[in-house]
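This report concerns only the one structure given below.
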Amino acid sequence: MESIASIRYTIDTENEFYNSEKDYFDENSPKIQQIENELQKIILNSNFKEEFKEKYGEHVLNLAEVGLKTFNEDIIEELKEENKLNSKYVKLLGSVKVNFEGQERNLSQMRPFMLVPDRSKRKEAMKTIFGWFDEHQNEFDDIYDQLVKIRDKMAKKLGYDNFIELAYYRLSRTDYNAEDVANYRKQVEEFVVPVASELRKRQKERINLDKLYYYDEDYSFEGGNPKPEGSTEEKVNKAQKMYKELSKETEEFFNFMVENELMDLDSKKGKTPGGYCTFIFDYDSPFIFSNFNGTSGDVDVLTHEAGHAFQSYQSRHIELPELLFPTLESAEIHSMSMEFITYPWWDLFYGEQTEKAKFMHLSEALLFIPYGVSVDEFQHWVYENPEATPESRRKKWSEIEKKYLPERDYDGVDYLVNGGFWQKQSHIYESPFYYIDYTLAQICAFQFFKKFNEDRKIAWEDYLRLCKAGGSKPFTGLINIANLKNPFKDGSLKETIDFVESYLNKINDKTL
Ligand SMILES: [Zn+2]
């Protein structure tokens, strides 16, 4: 019921019935968590703990232990408050309405303007959007400030120094800690940031500009970025053909999605922005939500979100719901890898622009990593300093941006120059510390990209094995199952990035 209510709410946030359903779950999910908590205690204190471990593996016990570390009855009121604040943020973000070129538009509908060849229009579109954020800055600050304080309070009630360790446990990270992540960020600074800078330089030359401003960053090619062809229906048909040819497993899966109408793809008024994949338990069925807008983002949904959906479909045989889905950094491996696995079929969507689309996709994947670790480093600072003011948070954000995104220039837009960019990043509000996950998974997806370039058959076996394993192991266990290298280990990051860099270097992007 919760899955369905939540899906319907995100499809129409103005619907009264699903608004009240949402309120109901905000109010009651902490009580359900309490019951889960009881269950975890029973398992861990059971006389049959060893037998349980033998049957279901060690991971489920570790998850239960971590679960117990994140909750007790004293924090129920704070959890409810946190839910309400999150919903307030979702609502605020969903309420973005700007007038642009004579029409009222939401965030997703503004995205295409950020990619048009006319630079002054890109600039204007970005200014309009961040103008809206600027007008609502106090509301954004206020929600975040309350969230930080309430999370800090919960952490202290549970006996932690601050929210960070609790946040890691809430994300069920059983096999790495903040130190490992800090060491990983350092490797990103050393090995990824210089390659990203080089890519920005190539981009600048490619699109004939003396200087790249923030509104040029997503504009990859003169004359415009490659766009997929056709209507939503046509794109879905193409995806169906692609998955049919890719493997018998993907064929069966995608037919299931289409035949059971498990995708809501078009952008509509009142829909929350972005895209996601979720799972409806009673029906063993994935569901894909997105906001198609005619950009390459549409193909990303049909590959990325479909990758998530494929994993949950492959692991639906797993008996314990706790082990169906992996933790978040592992979950993104399936989706991000699927983007690369589908490369040979991209001509269905992009026609003559296929090579361009792939070059853009691969470079954007790499360029994302420094931004991703910025979001992560920022949050570590925020929760280490829960008493910091909104102003000092902004200052810190700017500082971090300069380290990881040295080329970024906001062309004098005050709200952004002063460090406001992160307020648009919903994870920072709703799912604290869920972000480094995307970069870790990206590194793993790059490894799959390399494998698929070397031997598609072996690579597909590794990938399928990973999907079927669901969440039966923690991150480092799953990457072993898939024969991938651990990104926390010194050296593995460099090796992976070297491959991507040399692949990109072999392409003469100016002739595309
Ligand atoms: Zn994803």
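So the values come out like this:
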| read-out | value |
| --- | --- |
| Subset of 396/424; 235/450; 22/91 violating a 18 Å alpha-carbon distance limit | 235/450 |
| Debye equation applied to the C-alpha atoms of the range 263-382, log10 I(q)/I(0) at 0.10, 0.11, 0.16, 0.20 Å⁻¹ | -0.38, -0.46, -0.92, -1.22 |
| Taking only Cα atoms of the chain, radius of gyration then Dmax in Å | 22.4, 70 |
| For the range 137-219, the Rg and Dmax computed from alpha carbons only, in angstrom | 19.6, 56 |
| Convex hull projection area averaged over all views, the range 190-269, Cα basis, nm² | 9.2 nm² |
| Listed pairs 84/201; 123/356; 201/238; 268/510 exceeding 32 Å between Cα atoms | 84/201; 201/238; 268/510 |
| Residues listed by number, the range 104-142, amide nitrogen under 17 Å from residue 269 label point at 7 Å toward C-beta | 104-110 |
| Approximate spin-label separation residue 511-residue 489, in nm, with each point projected 7 Å along Cα-to-Cβ | 3.9 nm |
| Set of aspartates and glutamates near residue 473 by C-alpha distance (under 17 Å), chain-local residues within fewer than 8 positions excluded | 54, 58, 65, 175, 319, 322, 329, 332, 437, 462 |
| Rg in Å to one decimal, and Dmax rounded to a whole Å, for the range 294-365 via C-alpha atoms | 14.2, 46 |
| List 393, 111, ordered by accessible area with a 1.4 Å probe, largest first | 111, 393 |
| DSSP-defined beta bridges in the chain - what % are antiparallel, rounded to 5 | 75 percent |
| Gyration tensor verdict on the range 108-152 (Cα atoms; rounded if a/c is under 1.5, prolate if a/b is larger than b/c, oblate otherwise) | prolate |
| Point-to-point label distance, residue 425-residue 355, nm (Cα→Cβ direction, 7 Å offset) | 3.5 nm |
| With every protein chain in place, the range 246-403: carbon and sulfur % of accessible area (1.4 Å) | 50 percent |
| Zone residues, the range 171-198, relative to residue 480, backbone N less than 13 Å from point 7 Å out along Cα-to-Cβ | 175 |
| Contact order relative to length of the chain, as percent, for alpha carbon pairs under 8 angstrom and 6 or more apart | 18 percent |
| Of all accessible heavy-atom area on the range 12-73, the percent that carbon and sulfur account for (1.4 Å) | 49 percent |
| Helix-only [θ]222 nm of the chain, DSSP H runs n ≥ 4, -39500 (n - 2.57) each, per residue, nearest 500 | -20000 deg cm²/dmol |
| Descending principal axes extents, the range 386-512, alpha-carbon based, whole Å | 52, 45, 25 |
| All lysines inside 16 Å of residue 49 as judged from Cα atoms, apart from same-chain residues fewer than 8 positions distant | 41 |
| Cα-based shape type of the range 49-102, given that a ≥ b ≥ c are square roots of the gyration tensor eigenvalues and the cut on a/c is 1.5 | oblate |
| Where the chain is the region considered: accessible area per residue in Å², 1.4 Å probe | 44 Å² |
| Nearest-0.05 FRET efficiency for residue 320 and residue 28, computed from C-beta distance (R0 25 Å) | 0.60 |
| Accessible carbon and sulfur surface of the range 442-512 relative to its total accessible area, %, 1.4 Å | 51 percent |
| FRET efficiency estimate (nearest 0.05) - Cβ-Cβ, residue 280 to residue 237, R0 22 angstrom | 0.35 |
| Accessible surface, 1.4 Å probe, highest first, among residues 345, 381, 422 | 381, 345, 422 |
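The values are calculated or read from the model by the stated rules, or taken from the named source; none is laboratory data. Because the structure is predicted, anything quoted here is derived from the model rather than measured. No Cβ is skipped: glycine too gets one built from the backbone with ideal geometry, and neighbour counts run over all protein chains shown. All accessible areas refer to the heavy atoms of the entire protein, side chains included, with ligands and DNA or RNA removed. Shrake-Rupley method; radii C 1.70, N 1.55, O 1.52, S 1.80 Å.
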